[in-house]
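Everything on this sheet refers to the single structure shown next.
The values are calculated or read from the model by the stated rules, or taken from the named source; none is laboratory data. Predicted model only: the values in this text are computed from it and were never measured. No Cβ is skipped: glycine too gets one built from the backbone with ideal geometry, and neighbour counts run over all protein chains shown. Each accessible area value is taken on the protein alone, full model and side chains, heavy atoms only, with ligands, DNA and RNA left out. Shrake-Rupley method; radii C 1.70, N 1.55, O 1.52, S 1.80 Å.
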Amino acid sequence: MAEFSRVDSSSSSHTMDKSITLPPDEIFRNLENAKRFAIDIGGSLTKLAYYSTVQHKVAKVRSFDHSAKEAPSDKLYEISVQEEVTARLHFIKFENAYIETCLDFIKDHLVNTETKVIKATGGGAHKFKELIERKLGLKVDKEDEMTCLIKGCNFVLRNIPHEAFVYAKHADSEFRFQTTHPDIFPYLLVNIGSGVSIVKVESEDKFERIGGSSIGGGTFWGLGALLTKTKRFDELLQLASKGQHTSVDMLVKDIYGGSYGSLGLTGDLIASSFGKSATADKEFSKEDMAKSLLHMISNDIGQLACLYAKLHNLSRVYFGGFFIRGHPVTMHTITYSINFFTKGEVQALFLRHEGYLGAIGAFLKGAEEDNPNQYSWGENYAGSSGLMSVSPDMYPMQRARSGTFDMLEMDRLERQLVNLPLLQDASSYIPDTVDLTEDAQAREYWLYCFEEALDGVVKRAVASQPDMPEAAERAEKFRQKYRHKLQTLRHQPFAYGSLTVRSLLDTREHCLNEFNFPDPYSKIKQRENDIALKYYQKAVKSMEKLSWEERQFALVRGVLAGNVFDWGAKAVSDVLESDPEFGFEEAKHQLEERPWLVDSYDQWLERLKGPPHKCALFFVDNSGVDIILGVMPFVRELLSRGTEVVLASNSGPALNDVTNGELQILTERIAAMDPVIQDGLKEDRLTLVQSGSSSPCLDLSRLDKVLAMVVRERQTDLVIIEGMGRAIHTNYYAMLSCESLKMAVIKNSWLADRLGGKLFSVVFKYEVPADKADEDSALLTPS
Amino acid sequence: MAFNGHQPDDDTTDEDETPSKQPRSNKEMPGGIRNEPNNEAAAPAGRATSERRTSNSTTRHRIDSFRKTRPPFPWFGMDIGGTLVKLVYFEPKDITAEEEQEEVENLKSIRRYLTSNTAYGKTGIRDVHLELQDLTLCGRSGNLHFIRFPTHDLPAFLQMGRNKHFSSLHTTLCATGGGAYKFESDFRTMADLQLHKLDELDCLIRGVLYIDSVVSSVSSECYYFENPTDPDHCVQRPYTLENPYPLLLVNIGSGVSILAVYSENNYKRVTGTSLGGGTFLGLCCLLTGCSTFEEALEMASQGESTRVDKLVRDIYGGDYERFGLPGWAVASSFGNMMSKEKRDSVSKEDLARATLVTITNNIGSITRMCALNENIERVVFVGNFLRVNTLSMKLLAYAMDYWSKGQLKALFMRHEGYFGAVGALLELLHPS
C-alpha cells in the first residue's frame, strides 16, 4: 500500500494543479444579489466576503388531488421545477495587487445592494480605506482584528466538518483531518502574523489574549531579507526548504561531540541558533541561513505555545496567520516543535480555511442583525477551491499565488443541524467508514469509479429535463466541473477535508445543483414509485399468509431485496437500464443465501420474541420498490407490534433516494390502502421527519434539529439504517447508545471484495450496546 | 614523585594518574599533617571572612578532613562551553618556604604565568575584577582567578599545556561543559591529560551556591536592579540570597538552560532555548560584519532597535488597549525590515541593538512562563551572555517586573559565566 501511495504522490507532483485562475464571471459569483460586504486586507492578500442569495431550481413534488376523479394522468404525483432562493456566503482571496481591479469589477456589477457600509479588518484596511470608499461608495467600518479572527475561527470550527487537521510531512497523507467535536471550546489560537498572539478562547464571546511574542512571521521575513537579500516571503520559505541548518546552528553534538545523555538531549538538537555564524571569516549560504532562521522562529513559537497551553491546561492548539497559511514548510516545523516540547501530548492543529477567518469574522460582525450563527452552514464543494498546497518542498514556486483567486462558498442550510442524541460518543463519532485520503488503493478505485459513472450521470441529467433545450449544454458544463474536481482530488485528496465516498457523492450533488439539475432522477423515481405502489397490497398479503417466524425473515429479505434497486450502484443501474422489468422477486434471487456476510439475524429474531421496542427511527434509502415493497411492510410489522416508527428521509434529492416530500405522498397513498399505516399516521405512531441532508450518505452528527427532538421525545430505542450509502460507506462502525440494525446489500464488486464478500452479499448487523445488553439479560433472568 | 609540597593524600586520585611509589594514604597517619603543623594553626586566622561564622572546632574538624582528601596542586576547574572555555585557578598564597622549595618547576611556572599575566595569547583573558582574594579552600588560603578563552582556541591551550609539561604534574583536571566530552580525546592525545568529566548543570548549581556563600558578605555577589521600569532611577543593589529556594536559574551561554532549583541537590532542567548568546553573536556577525562579543555589544549600545522592530504603536498608532499592550512594546522583532526602504535606512548599530533586544526579551518571556508554570518568584540569570552586558540585564529586570506586574524578581551574579568552572573545581576538592 505504501508503494502505491508513493507512486501516486510522485506522479501527482508533475501534473499538479498549479493555479486556479478563473474568468472573472466565476470569481465574483452572484454579485448582483450581494447584500453585505466585509473585507480583510492583510500584508499581501485581500479576502473579500459577501452575502448573497442564489436562485436555483429545485424539484418539488405535489400530490394530485385524487378526490377529483379526473386526474390528468395516471401518475402518482406531479413534479415541478421551481425557483428557490437560498442564502450563500462567498469568500474570495486574491493578491492585494488586484484590489483595484476587483473593486472596479464589484462596482460595475453591484445592482441591488442597499448596503451602506463595508466591514473591514486586517492590517492593510486603513491603507485601502480611501480607495474602497471612493470606488464602492461604501463607508469603511473597521473591526478589531482579533475579534474577527476568533469569530471566524468559531464559525468554521462549528460549521465545517474536517476543518482542522494535523500535519504529518512524511505520512501517507500529509493532512490528517480531525472530526469536529460538538463542543469546540476551550481552545488556544496561536496567530502568527508579523508577531505572535496567543489567544485563549473559552466561548463564543469570551476570549483573552494571554500572551504573545515579537518573534513571528515578520521576524522571519525581515531578518531573512537582511540575511539573504531575498525580498519575498514565499521565496524565503523556498530558500529555507532547500537549506541545511546544521551548517549555521550549533548543535548539541557540536558542543558535546555527541548527545547530552543525562538530560536526554540528542546530538542533533539545536543548542544555539546561528551559533556557528559567530565568526567573521566564513560565508554561509542563503539557503542554510533561511533554514536556520525558520527553525529558530518555529521552535521558539512552538515552545511558547506549549508553555501557555500548559499554564492554561489546554490541549487544543490551533495555529494560523500568514506565517502558517497553507505553507507545509512552516506547518512541519511548528508541528515538530510542538511534538518536541510536549512530548506528543499536544498536537499542533491547522485550519483549512485559516486564511479566511478574519474576513468571515468581519462579515459576521456586520451581519449580527441577521444572526447567522442561528443557522447551520455547509461548505459548497462546487464553489470552493479547496486546500491548495502540495509538495512545496519540491515545487514551492508553483504555489505562487500570483493571479490566482481562491474561493470559499458556504450555503445556509434550511435547517439547523445537530448530533443524533443516540450517538454513544459524539466526540469520537466518524461517519465515514473508509478515509480515502489515507487509503490510496481505495482512493484510486473510487475516483476511477466516479469518473466512469460520469457519462451516465450526464445522460440522466439531460434526460431529466427533456423540454429544456440548453440542458445538454449545462450538463456538459457539469461534466467539466465535476471531472475537474475529480482530477483535483486525485492530486490533492485533502482539498475538502478527508476524501470519502460520501464527499465524492456530495460534491457531485453540489455540482449538479450548481448547473440547475436539482433532481435528475425525479422522473425515474416517479415511475418506480408508481409501479411499486401497484404491488404493495399483494406484497403485504403474501406476508400475512406466513407464520410469525417466516414473516420476520421474509420482511428482512424484503428490505434487502428492495435495497437491490439502486441507481447509485453501477452494477444495478446497468441491469435496470437494460431490463426495466427486473423485478422484486428476481432481486430476491440475487440475494446471498444465509449465512450472510455479516449475519446477526438470529439475535434479531430472538430480540423480536421479546417486548416490542418503544420507538424505531428508520433512515430510509431508495424510492420505488425499496421504500414501498421493502421498507413499508417492515414498518407495518413494527407498528403492529406496538412500536412507534419515525421515518427519516432526505430533505433534498440525492440520486434515487426517496425525499421527504415524496415519502409524504407515498405514505398517504399507502395509508389509503392499508389501515395499519392509516391508523399509525392518525394516532401519530408513524411520523415522517426529514434528515436535514441531501446526501446519499448519512452523517449522524449533522441531522435536522427537529429529528433530534422527535427522537428524544419518543424515547427511541431502535435505530435502523438501510442501504450501502448510509450503513456501509458511512456508519458501519457507528456506535449507538440504543439497539441498532444496519441492513444493506453490497452492490459494488470492489467493495464486496474488500469486505470479503461478493456482489449482492448481505450485511445484516444487529447491535446492542454493552450496558443495554446487561440490562436485558438482567430482565430476562428470573428473579 | 614528591613534586608537590603537599603529599597527595586522597583516596580519590585515580591510580593511573598517580603511579605513586609511596604507600597509599594511611588513615591513621595522614602525611600532610606532619609537613605543615604551623600552617594548620595559622589557617583559621587567615581565613576568608565568610568562614568566620563557623566555630573554631568545626573549622578544625573540617580542615582535618580537608587534609585527608586534599588533591595535589595545581587546582583548576574548567568549563568548556560551545563558545567559551572558562577556567578557574586557585593560587595558594600560604605556601611555606619549604613548600616553595619542594614545588616542582613546572608547577611554579604555571602559577607565575597565570598570575603575572592578565592576557594569554591572543584571546585568553583573566577577569581580574572577579578575582577572589584570601579565599580558603580545603584548608589552603589563596586567590581564585577567573580566566576565559574561546573554545576554538582550545588547541592552542592544549599545545601550551603540552609545552609546559602539564601532564607531568599528574593532577586531576576536572572539566565540565560539553567540551569535556567532545575534547576528551584531544586532551589525552594532544596534552596527555585525563579529564574528570562532570555534569554541567550539577557544577553550575554548586558553583552558584558556593560563590554566593563565600562572597556575599564581602562585596555582594548577587544583585538586582531597583526601579527596573524607571530608567532614570534604575540602580544596581546588592541582594542577599538567603533561603534561595525555590529558585529559577537561567544560564545564558551560547544557548539557554532554565533550571528549577529546590535545594542544592534537587533541581530539574525545566526547558531551554537555542536562542541565546550564540544567536546574538552569530546574527550580529552576519548582519554587521563584527567578529567579537565586545564589538557586537559596543555597536548595540549605540543603536536604536525601534528603527528595526515594528512596535505596537507602529501598527495601532498607540496602545492596543483591548489587550493591554502598550504602544512601545515590540509587536514584531525585525518587523520593519520587511520593507526595503527601511532595510536601506537602518545602521549596523541599529541591527545589533535589535538583535540584542530580540534575544534578551525572548529569554525573558520564556523565563517568565517557566516561573509561572513552576510557581517560582525568584529568577537568577547567569552565563557569559550577561558579561559587560548591562543593557540585557536591565532589559531582563524590566521585562520580569513589568510583565509580572512586580511579581517576579530578576537577580544577577557578578561571576556570571564562571559558575560551572567553579563547580568543577569544587568537585576536585570535595568529590560529591
When residues of region B:293-310 are limited to those that are within 10 Å of another protein chain (Cβ to nearest Cβ) and crowded, with 21+ Cβ neighbours inside 10 Å, the one farthest from A:S285 (Cα to Cα): B:K310
Are any residues in region A:308-323 part of a helix (DSSP H, G or I) and more than 10 Å from chain B (Cβ to nearest Cβ), and if so, which ones? A:A309
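One residue is enough: does region A:287-298 have a residue meeting the conditions buried (at least 21 other Cβ atoms within 10 Å of the Cβ), away from chain B (no Cβ under 14 Å) and either over 27 Å from the mean Cα position of the chain (by Cα) or not acidic (D, E) (or both)?
In the first step, residues of region A:287-298 are kept if they are buried (at least 21 other Cβ atoms within 10 Å of the Cβ); the result is A:288-298.
If we keep only those that are away from chain B (no Cβ under 14 Å) as well, we get none.
No, there is no match, as no residue in region A:287-298 is buried (at least 21 other Cβ atoms within 10 Å of the Cβ), away from chain B (no Cβ under 14 Å) and either over 27 Å from the mean Cα position of the chain (by Cα) or not acidic (D, E) (or both).
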Residue list for region B:311-322, restricted to those being closer than 24 Å to B:K405 by Cβ, in a helix (DSSP H, G or I) and more than 8 Å from chain A (Cβ to nearest Cβ): B:V312, B:R313, B:Y316, B:E321
For A:T659, all conditions in the list (1) open to solvent by less than 10 Å² (accessible area, probe 1.4 Å); (2) touching a strand residue (DSSP E or B) at 6+ places or on another chain (Cβ under 7 Å) hold save one; what is the number of the exception? (1)
Note on A:G361: of the conditions (1) within 11 Å of another protein chain (Cβ to nearest Cβ); (2) farther than 28 Å from A:E235 by Cα; (3) not polar (S, T, N, Q), unmet is (1)
Report, by residue number, each residue of region B:74-100 that is free of Cβ contacts under 8 Å to residues at least 60 places away in the same chain and part of a helix (DSSP H, G or I). B:A97
Given the conditions (1) in contact (Cβ under 8 Å) with a residue 60 or more places away in the chain; (2) away from every other protein chain (no Cβ under 14 Å), report the number of the one that A:K127 does not fulfil. (2)
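Only one of A:A305, A:A280 is within 14 Å of chain B (Cβ to nearest Cβ), crowded, with 24+ Cβ neighbours inside 10 Å and farther than 30 Å from B:K197 by Cα; which? Talk me through it step by step, then tell me what you get.
Numbers: A:A280 fails: crowded, with 24+ Cβ neighbours inside 10 Å.
So the residue among A:A305, A:A280 that is within 14 Å of chain B (Cβ to nearest Cβ), crowded, with 24+ Cβ neighbours inside 10 Å and farther than 30 Å from B:K197 by Cα is A:A305.
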Residues that are more than 19 Å from the chain's Cα centre (by Cα), assigned to a helix (DSSP H, G or I) and more than 7 Å from chain A (Cβ to nearest Cβ), drawn from region B:269-292: B:C284, B:T288
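Is it true that A:L349 is within 14 Å of chain B (Cβ to nearest Cβ) and either of a type in the set (A, V, I, L, M, F, W, C) or under 30 Å from A:E409 (Cα atoms) (or both)? Even if it seems obvious, please write down each step before you answer.
Details: within 14 Å of chain B (Cβ to nearest Cβ): no; either of a type in the set (A, V, I, L, M, F, W, C) or under 30 Å from A:E409 (Cα atoms) (or both): yes.
No; evaluated as a whole, the condition is false for this residue.
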Going through region A:699-740 one residue at a time, which ones are part of a loop (DSSP other than H, G, I, E, B), closer than 16 Å to A:Y766 by Cα and among the hydrophobic types (A, V, I, L, M, F, W, C)? A:A734, A:M735, A:C738
What number of residues within region A:97-140 satisfy the criterion of being open to solvent by 40 Å² or more (accessible area, probe 1.4 Å) and at positive phi? 1
Say whether the condition of being part of a helix (DSSP H, G or I), modelled with pLDDT of 95 or more and within 14 Å of another protein chain (Cβ to nearest Cβ) is met by at least one residue in region B:256-265. no
Is it the case that some residue within region B:234-253 is outside any strand (DSSP E or B) and either open to solvent by less than 10 Å² (accessible area, probe 1.4 Å) or within 14 Å of chain A (Cβ to nearest Cβ) (or both)? yes
State whether one or more residues within region A:324-337 are within 14 Å of chain B (Cβ to nearest Cβ) and touching a helix residue (DSSP H, G or I) at 6+ places or on another chain (Cβ under 6 Å). yes
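So that you can scan it fast, the table gives a plain yes or no per residue for (1) at pLDDT 95 or above; (2) more than 7 Å from every other protein chain (Cβ to nearest Cβ):
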| residue | (1), (2) |
| --- | --- |
| A:V201 | yes, yes |
| A:T219 | yes, no |
| A:G224 | yes, yes |
| A:R232 | no, yes |
| A:S241 | no, yes |
| A:Q244 | yes, yes |
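Pull up region A:342-372, narrow it to residues that are part of a loop (DSSP other than H, G, I, E, B) and open to solvent by 10 Å² or more (accessible area, probe 1.4 Å), then point me to the one that is nearest to A:I92 (Cα to Cα).
So, considering only residues that are part of a loop (DSSP other than H, G, I, E, B) and open to solvent by 10 Å² or more (accessible area, probe 1.4 Å), the one nearest to A:I92 (Cα to Cα) is A:H353.
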Quick one: count up the residues across region B:82-103 that are over 30 Å from the mean Cα position of the chain (by Cα) and either closer than 25 Å to B:K182 by Cα or not polar (S, T, N, Q) (or both). 5
Sort out for me the helices (runs of 4 or more DSSP H) sitting completely within region B:323-408 that have 2 or more residues that are within 13 Å of chain A (Cβ to nearest Cβ), closer than 24 Å to B:G255 by Cα and open to solvent by 50 Å² or more (accessible area, probe 1.4 Å). B:348-374
Report every pair of residues separated by at least 6 positions or lying on different chains whose Cβ atoms are under 7 Å apart, first residue within region A:413-433 and among the acidic types (D, E), second open to solvent by less than 40 Å² (accessible area, probe 1.4 Å) and assigned to a loop (DSSP other than H, G, I, E, B). A:D432/A:S498; A:D432/A:T500
